[in-house]
Structures are given as C-alpha cells and as structure tokens.
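Report on one structure; see the data block that follows.
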Amino acid sequence: MSETRIIDASDPADQNKIVEEVAGLLEAGEVVALPTETVYGLGADALNADAVAKVFAAKERPEFDPLIVHVGSYEQVDEIAEVPDEIKEVVAKLMKAHWPGPLTLVLPKKDCVPDMVTSGLDTVAVRMSAHPIMKAVVRKLGKPIAAPSANRFGRISPTSAAAVEKELAGRISTIVDGGACREGLESTIIRPEAGEKRPVLHMLRAGPVTKEMLQRFGKVERPKRNRSNESPEAPGQLASHYAPVTPLRLLRKIGDFQPEPGKSYGLLSYCGSEKTGFINGYDWDQVEELSPGNGKLSEAAVRFFYVLRKLDESGVDEIIAEPVSETGLGVAIMDKLKRASVR
Ligand code: AMP
Ligand code: MG
C-alpha cells in the first residue's frame, strides 16, 4: 500500500455520496478509518474474516486482542449476539439509556461472528455509535462493522483524521475526515451478568459512561488490574497501552520528581494551576494543559489524546504527568495515564 486518501466529510451535502462509497469499500473487503464520537476507528466488515485480518495487520495488533463490533440497529445485535434471558432486562435498559453512544456491551456471541473478531472468545463486544457518519455507514452496509481504534497497537488513540494519518499513513487506503471526536476517550466496556439481588456490571474498561452513571443499573465491579501483558482473562486490557514513544512518568506529588541534569522534561498538567499543580515545581521545557484554566474533567477527556500526542511530538526526553482526581471521567483518564507510563 502506498497512498492514503483522506476524504473530507465536513460538508453534510457530501455525506450520502461518501457513505455510499465507504460502504462499497467495506463490502469489497477493504478497511477504512472512520470517525466515531469516542476516537477514530479502523473499520472492516465484521462478518468477513479476511477483511478483519487486514485491520490486525494495519495496526500490528496481536490476534489475542479482540475488536469491538459496531451495529446500526437492535436487530443487528440479535444477528451477532445471544442475550441470555437473565440479563435481557438490564441489557435493554443499558441500551435504551446509552445507545447510540460510548457504551460497549460484552455479550455471548453467535457463530456468524468470525473467531478473528473475538480472538476466539465466546463473547462479542457490541456498540452503537452516535456519530452520524459511522451510523450511516453501518446502516448502508447492512452488516456490523468491526472497528478498533485507528492507531498502531499500544499507541496513542487518534481523535482527529490528522492523528490517524500519522499512525497509519501508507498502511490503509482511506481515511474519512469527520472532524474532531466529541468524547475523546474510548467507549466504556461492560460485561453484564446476573447477580443475586441486582445485575453485576463488570467494567472492563473505564470510559465516558462512568461508574456513577451505571450504578442505577446494577452493581458495578472493576476487575483487578492486569499487571502482565499477556493475560487472556482481560483481553486487550494490557498493562502497557496508549503509550507515547517518549517515556511518560505519572507522579503523585511533585516532590517525587528529581530532574536529571541535561534531560528535558514536558509537563502534562491538568489545568495549569500554579496553586495546586506541578507547574511551579520545575522549569519545564514544555507544558500542555488538559483543561486550561478550567480544571474540568469533561474537557480534559476530550483533549487527552490530542495533548498527549502533542507532548510526544515536542521532542522532550520525558513526559511528566500530574494525576487527576479519580472520580467520574477522571477514572478513565488515570487508567490511561497509568498504562501510558508502563514500558
Ligand atoms: P479498541 O477498539 O482498540 O479500543 O479495542 C477494543 C477493546 O475491546 C479490546 O482491547 C478489549 O479490551 C475489548 N474487547 C473486545 N471484545 C471483547 C470481549 N469479547 N471481551 C472482553 N473485552 C473485549
Ligand atoms: Mg485501541
């Protein structure tokens, strides 16, 4: 593969034509990078194992890391997943409240889903995107689309077409530019299970749909953190992930930081606060703020991967990250910072 074409989808008047073209490419077994409300995805026809193999190849993703499947309707969920009776009610409630949107549900799979998609697991991760382009393409194709984040394996997720280009140029033929992603963090992943009194929602990945938002549907459980990079029990939730090329260190307090002479350091600051933050602690070579002046977790989430990529490209020797408070969206941000700091 040589040239990567970027299709500008900013004008709604072009949308039908673009959707038709992209659905045609997917039908022909090609892979296409598409915008979603979370991060950009690298999509393929989920029922075509050869097409899905191209996604793994372009990303250099190991085959033990399963993909999320995007559906365009509730009927499509039934085509690929078998929802057990004992969780039917909670699954319906979760979908009604959060679909289309950044919530992925892990459900028992049907045979039509290739093992390639699920890494041989007997479950499939399903989501319905709220992004108008992704939504329209799935509907036009009439089949579910497997779409992991459009970055090389283990790297920073792309929240713009330009970031996808940096990750995958020359490896894929087409990127649809639908502007910046509204949420900026990957979907929350839940595996619902029947419980004694209430359903149990195993939160496999923290994301825009927070624990606080899910508690009314059942008991939210977070699995223990996976410290090895190969545990099959927590597929894809690898210790090292979202990693910049530049080493990143997450500090609890600035006092833990001892700069080495001759090394340059970039600060990933929460809001650039001189009072509570690390900004005064050292003469940083570069400072980037997640929520400049505001200290809003929602803004920090949207900007997170963009800012991380900016620091990674700044040429500093090491990125030092301030912690954010581990509530609401802060749980997902801290989870990503922890994984980004593992080498
Ligand atoms: P990505 O779309 O690149 O963020 O990756 C999708 C993630 O979804 C994987 O890394 C897994 O963590 C998760 N996932 C996909 N399928 C399953 C499944 N059947 N069971 C548990 N987790 C899954
Ligand atoms: Mg990913």
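For (1) surrounded by fewer than 19 Cβ atoms within 10 Å (Cβ to Cβ); (2) in contact (Cβ under 8 Å) with a residue 60 or more places away in the chain; (3) more than 16 Å from ligand 1 (Cβ to nearest atom); (4) closer than 26 Å to ALA57 by Cβ, each residue gets a yes or a no:
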site	(1), (2), (3), (4)
GLU183	no, yes, no, no
ILE189	no, yes, no, yes
PRO192	no, yes, no, no
GLY195	yes, no, yes, no
MET203	no, no, no, no
VAL209	no, yes, no, no
GLU212	yes, yes, yes, no
GLN215	yes, no, yes, no
GLY218	no, yes, yes, no
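Rundown of residues vs (1) farther than 14 Å from VAL39 by Cα; (2) modelled with pLDDT under 95; (3) within 14 Å of ligand 2 (Cβ to nearest atom); (4) not small (Gly, Ala, Ser), yes/no style:
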position	(1), (2), (3), (4)
VAL137	yes, no, no, yes
THR174	yes, no, no, yes
ALA180	no, no, no, no
LEU185	no, no, yes, yes
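Quick check on the stretch 138-175: of everything there that is within 16 Å of ILE68 (Cα to Cα) and not in a loop (DSSP other than H, G, I, E, B), which residue is most open to solvent (accessible area, probe 1.4 Å)?
Only one residue fits best here, namely SER149.
Take the stretch 91-121 and flag every residue that is farther than 21 Å from ALA44 by Cα and touching a Leu at 6+ places or on another chain (Cβ under 8 Å).
Those that are farther than 21 Å from ALA44 by Cα and touching a Leu at 6+ places or on another chain (Cβ under 8 Å): VAL91, LEU94, MET95.
List the strands (runs of 3 or more DSSP E) that sit entirely inside the stretch 242-343 and contain at least 1 residues that are open to solvent by less than 30 Å² (accessible area, probe 1.4 Å) and among the β-branched types (Val, Ile, Thr).
318-321
The values are calculated or read from the model by the stated rules, or taken from the named source; none is laboratory data. What you see is a predicted model, and the numbers here were worked out from it, not measured in a lab. Neighbour counts are summed over all protein chains in view; Cβ atoms, including those assigned to glycine, are modelled from backbone coordinates with ideal geometry. Areas reflect the complete protein model, heavy atoms only, side chains present, ligands, DNA and RNA absent. Shrake-Rupley method; radii C 1.70, N 1.55, O 1.52, S 1.80 Å.
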